[in-house]
Amino acid sequence: LAAFADAARRTGSETYRATAREIRDYLLNQLWDGRRLRRAFEDGRAVGAAALEDYAYVAEGVLAWAELSREPEDYQRAHTIVGTAWSLFYTAAGWRLGESSLLAAEPGQDIVADGPLPSPSAVLIDASLTLGERGDAALRRRALAALNSGHALLKDDPFWYATHVAVGMRA
C-alpha cells in the first residue's frame, strides 16, 4: 500500500491510485475491525494473530494513503492503528514481537533489527513521528523516547539497524 500510494502521489497515475485504494480498502474493510488487526483469512475465518510487523506495515501503508488522500478520516485510521500497536507491543521493557509468547518471561527488545523487511519498530516509530507532527505531541514524545533507546546496539552493529538510523536522522 505504501509503495502504490507513494507512486500515485509522485506520478499522479490513476492506475497506481486505484491499486492503492483497493489495497487500502482490503486492509481496512477485511483485516481491520476498528479495534484489532487480523493477520489473514482462510475460508472466511480469521487465522493467525497479528504481530508487531503486521501493525507497523499496515500503519505505514494507511498513513501513506492518508498523505495521498489528505482526508482527515484516513489520518485518524492510521492514528488508531498506530496507537493500538503501541499498546499491544511496547512496554517499559521494550518491544514485543507478538501479543503473547510461549515464554512467560520473554524480555522486551530496545530495538528490533532489520531483516528482509525494515525493522517493524522503526517503521512504527517513523509513522508515529509523522502523526506526531500533525498535532499529537504525546505520540511524538513516546516515539522519540523509543527511538532514543538501544544506542549501544546501533553503535556496535549499525548494519542490522539501518532503518532505525534513517528514522533517527529524519527525526
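Per residue, the chain exposes an accessible area of 55 Å² to a 1.4 Å probe, with every protein chain left in place.
Evaluate the charge dipole of the chain about its Cα centre and quote only its size in Debye, nearest 20, assuming +1 on the Cβ of each Lys and Arg and -1 on the Cβ of each Asp and Glu. Don't skip to the end; give the middle numbers.
Working: 19 positive and 23 negative charges, 77 e Å.
I would put it at about 380 debye.
At full extension, D43 and D136 could sit 29.5 nm farther apart than now, given 0.36 nm per residue minus the alpha carbon distance.
Just checking my list [x] 15.7, 46; [y] 16.1, 50; [z] 16.0, 52 against Rg and Dmax of the Cα atoms in Å computed from this structure; which label fits? After the calculation, the listed value that fits is [y]. With all protein chains in place and a 1.4 Å probe, the accessible surface of the chain carries 52 percent carbon and sulfur.
Let a ≥ b ≥ c be the square roots of the eigenvalues of the Cα gyration tensor of the range 1-93; is it rounded (a/c under 1.5), or, if not, prolate (a/b larger than b/c) or oblate? It is oblate, given that a/c is not under 1.5 and a/b is not larger than b/c. Each of V82, Y161, A49 was scored by the projection of its Cα onto the charge dipole of the range 14-171, and the greatest displacement toward the positive side belongs to V82; charges sit on the C-beta of Lys, Arg, Asp and Glu.
Between E22 and S87, the contour length at 0.36 nm per residue exceeds the alpha carbon distance by 20.6 nm.
The values are calculated or read from the model by the stated rules, or taken from the named source; none is laboratory data. Quick caveat, the model's predicted, so the values are computed rather than measured. Neighbour counts run over all protein chains shown; Cβ positions are idealised from the backbone, glycine included. Heavy atoms of the whole protein, side chains included, go into the accessibility calculation; ligands, DNA and RNA do not. Shrake-Rupley method; radii C 1.70, N 1.55, O 1.52, S 1.80 Å.
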